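The values are calculated or read from the model by the stated rules, or taken from the named source; none is laboratory data. On a predicted model such as this, the values are computed, not experimentally measured, just so you know. Don't worry about glycine lacking a Cβ; one is built from the backbone with ideal geometry, like all the others, and counts go over all protein chains shown. For accessibility, only protein heavy atoms count, side chains too; no ligands or nucleic acids. Shrake-Rupley method; radii C 1.70, N 1.55, O 1.52, S 1.80 Å.
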Amino acid sequence: MAINVNTVYTTVLAILNKEQRGYLTPDEFNKVGTQVQLEIFESYFENLNQQLRAPQNSTEYANRVKLLQEKIATFETAAAVTVALSGQFGQTTLPADMHRFGMLEYTNGSKLPVEVEKLSRHMFLQARRSQLTSPTQDYPICYIEGNTLNILPGIATAAAGANGSPAQSYMVEYVKKPVDPVWAFTVNSVGAYIYNSAGSTNFEISDVDQTELITKILMYTGVIIRDPEI
């Protein structure tokens, strides 16, 4: 469940007022909130890596690995991509909102989809030169360069033809970045900011992290809360 952006902002303002630390404008809050959300989001992956190496609790609601996987699963998605030929390679641009690449799936007509094996550029070029590991339609390979995905063998996306020729399609599975939070507002006759829910965007990270979110935003304003329970 998302975290209401207005709840976070009003809480931050209340604490800043209590601590007499000045005021955080909506624009400043949106920028700091975006940075903090990304920090917490990225920590999911690092924490999961650590927990996978630690002894686990099998209790349903205390299994840390499962809880972290559920947080990440919210951002898992898939998108069809168009692959065009560039020399002997097939190339496509990765989705703009991609944070971490999952896998590329290739479908050749009525055949079952196959996973395109992702390699480093060095291993990709080695496999390309080898007779034993040379890629085929049943065992394609790819590597990422910038925001471009290079694929061998180079097979362009194609719709099924009128003569019954098979369709060629690709699907990228990935973890998307959370959308930037926005506390939108209007200004009243006395110059005060009035919350506009219609134009606002809530935080997309798990609501379990609301306390950490508020605490980290306050840290950027110079307020250190030693005991979050307060």
As an exercise, identify the trypsin sites (Lys or Arg not before Pro) in region 70-139 lying in DSSP coil whose Cβ has no more than 16 other Cβ atoms within 10 Å. Lys111
Under a 1.4 Å probe, what is the accessible area of the chain per residue, stated in Å²? 60
Can you give me the solvent accessible area of Lys176 with a 1.4 Å probe, rounded to the nearest 10 Å²? 60
Applying 1/(1 + (r/R0)^6) with R0 = 22 Å to the Cβ-Cβ distance of Asp138 and Glu105, what FRET efficiency is obtained, to the nearest 0.05? 0.95
Apportionment of accessible area to carbon and sulfur, region 1-90, percent (1.4 Å): 50
Env charge @ Phe185, Cβ radius under 14 Å, K,R +1 / D,E -1, value -2
Output the direction-averaged projected area (hull surface divided by four) of the convex hull of the alpha-carbon atoms of region 1-155, in nm². 15.0
So what is the relative contact order for region 75-230, in percent, with contacts set as C-alpha pairs under 8 Å and at least six apart? 26
Of all DSSP beta bridges in region 1-144, what percent run antiparallel (nearest 5)? 75
